[in-house]
């Protein structure tokens, strides 16, 4: 089966200036990312702030151009698409944002917010669009009576529903959701997670789900990819990566999550120190200065993202030795 | 011996144009020395206002209208503002959520840590500066000698939070109130900060009120946990017991809605509706509109805390 969306060796760099007379330096936000998303699949992309996951989302939606690398949608290169093809791409790939307070235009009524994509893509006319907006609002658990209200009249959870209705308006095939529940209260978080799952199932959508919360990641994803300092360090099925990680960073992330269930508490493998600057990334493996297992070679040679067991890839020189020993 | 902190019947209100918002509606809490009490609830439940009330730092137009807050037996609400200033930052310290807005951007971090030492402990500038380096080293800031000359914007979020903790601990307070101390941080840094707080609390036998909405942190760190909803404590118990046998329908619902307890791909439990309007009086139980087991009488009767098991209090007429 052809993947719906493919990213190959995706790179995004920004020039930064240290100060008035400082030399221009390069910040590498995304340092060569490969991703594949299959139809009907939910891929969860996780990592801590500054790892480049949101930049990947913006590259994939075409909001910003990559410095190098390619993005293919159903085998067609994004950079070589005609204007009409690109418009179709922008219709079929929709985005849901993190902050429902800043992502909705405060001067627009709900009907305009949700109906705008229909207008942009010239779908339907006045009455048809109105009916469609009413249907979308019901779909996301709001009522058509909400149409004439403004965003400030809604709670955070309701606003996120409006954002989802807007994304669904033009019948997309892929939704890229960047931390869609992180800004919400606990009891509201569960409602929005359920809604996202409902629309995925009912409409047969594919999802790229970006989060820093591994319990949300586990709940929603079929496959997961873990990012660190602009690179994917591990990828595989949900159960593979989250139950038997093959990269020390994934292990550290998992063990850092405080758990309610005493049975799930493992010994804390604490990652030392902090995230290095993406302006001057460490030599060799980007995680080696914080890694509890690092050896001299880790500072010299960057490990490739290689398949360690069928379906699961990790970028670590010592995955086999650290994590797969007992399996042999 | 009196408890380290004993709050009884605390009521804090905000006089707004649209009515009186009763943010804290009769809160009772006790913290002992060396104990970590977690105060848990969703946005707007009154947990931060409860904390601000303890330090008498409720932002206007808010004010404390009833109750007592006893710190080692002394009623903080009866003290003069001058006496209160001697306690604030000295015997009771606060760690805020966002270190970027609570550190002063125009002073070096070394100056800010030393400030409390000069004011409360009367140290000379030089001695305070030396002690500041010592404190920053204690909270795990590498090369603290050089960092004291940095301004807040030159430090990462995790490092700023460590500075906040160093400031809070500068005068060896007896009680620390930490309001979402790690919410703005990444999980690997969060783990480092929580380990640090734990170690320091144990070393110095301080009391800690940990305000958070992260139930995982609560389960791992707190001795006792109080759940707040719409300005009231609805349940409080030793932490292990609270998570093993939650009694209040709100606590049970909150736990059930966590992805950690869901089956991947299956629906999570939710409760419908939202929190009630806190302007004016609420008759009966504030949770009844969303409650799966409530009935009409829950909306009429005033519901008191009752002891369901030793040390396990719950405000619900349907349980146990």
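With Cα atoms defining each centre, the stretch B:275-298 and the stretch B:48-93 are spaced 30 Å apart in the structure. Across chain A, the volume of the C-alpha convex hull divided among the residues equals 164 Å³ per residue. For the pair residue B:150 and residue A:67, label points projected 7 Å from Cα toward Cβ lie 2.5 nm apart. In chain B, the DSSP beta bridges split such that about 65 percent are antiparallel, to the nearest 5.
Over chain B, what relative contact order in percent results from Cα pairs under 8 Å that are six or more residues apart? Answer for chain B is 21 percent. Between residue A:86 and residue A:23, the contour length at 0.36 nm per residue exceeds the Cα-Cα span by 19.0 nm. With a simple spin-label model that places each label point 7 Å from the Cα along the Cα-to-Cβ direction, the separation between residue B:33 and residue A:171 comes to 7.2 nm. The GNM of chain B, with springs linking C-alpha atoms under 10 angstrom apart, assigns the highest mean-square fluctuation among B:209, B:141, B:293 to B:293. Which shape class, rounded, prolate or oblate, goes with the protein assembly as shown when its Cα gyration tensor gives a ≥ b ≥ c as root eigenvalues, a/c under 1.5 marks rounded, and past that a/b bigger than b/c marks prolate? Here the protein assembly as shown falls in the oblate category. To the nearest 10 degrees, how steep is helix A:186-203 against the longest Cα principal axis of chain A, on a 0 to 90 scale? Orientation of helix A:186-203: about 80 degrees from the principal axis. By the count of other C-beta atoms within 10 Å, a proxy for reagent exposure, B:84, B:167 are ordered fewest to most as B:84, B:167.
GNM remark for chain B: springs join alpha carbons under 10 Å apart, and the peak mean-square fluctuation among B:278, B:268, B:29 falls on B:268. Give me P(r) over the stretch A:245-328, computed from all C-alpha to C-alpha distances, binned every 10 Å, as integer percentages. Final binned percentages: 17, 45, 31, 8, 0. Measuring r between the beta carbons of residue A:202 and residue B:126 and using R0 = 60 Å, the FRET efficiency lands at 0.30.
Sequence-distant contacts, meaning Cα pairs under 8 Å at least 6 residues apart, place the relative contact order of the stretch A:154-238 at 25 percent.
What do you get for the angle between helix A:110-120 and the principal long axis of chain A? Use alpha-carbon atoms, 0 to 90 degrees, nearest ten. On a 0 to 90 degree scale, this one is about 80. Take every DSSP beta bridge whose two residues both sit in the protein assembly as shown; close to 60 percent of them are antiparallel. The calculated FRET efficiency for residue A:102 paired with residue B:307, based on their beta-carbon distance and R0 = 41 Å, is about 0.35. When you restrict to C-alpha pairs under 8 Å that are six or more residues apart and normalise by the size of chain A, the relative contact order lands at 19 percent. Please work out whether the stretch B:1-159 counts as rounded, prolate or oblate from its C-alpha gyration tensor, where a ≥ b ≥ c are the square roots of the eigenvalues and a/c under 1.5 means rounded, while otherwise a/b larger than b/c means prolate and anything else oblate? In terms of gyration-tensor shape, prolate. In terms of surrounding Cβ atoms within a 10 Å radius of their Cβ, B:98, B:186, B:296 rank from fewest to most as B:296, B:98, B:186. For chain B, take the longest principal axis of its alpha carbons; what is the angle in degrees between that and the long axis of helix B:157-169, to the nearest 10 within 0 to 90? Tilt of helix B:157-169: around 80 degrees.
Each residue, residue A:237 and residue B:267, gets one label point 7 Å from its Cα in the Cβ direction; the gap between the two is 2.7 nm. Averaging Cα coordinates gives a centre for the stretch A:40-87 and one for the stretch A:217-287; these two points are 23 Å apart.
Every number here is computed from the coordinates shown, using simple stated rules; none is lab data. All of these numbers come straight from a predicted model, not from anything done at the bench. FYI the Cβ positions are ideal-geometry reconstructions off the backbone, even for glycines, and counts take in every protein chain you see.
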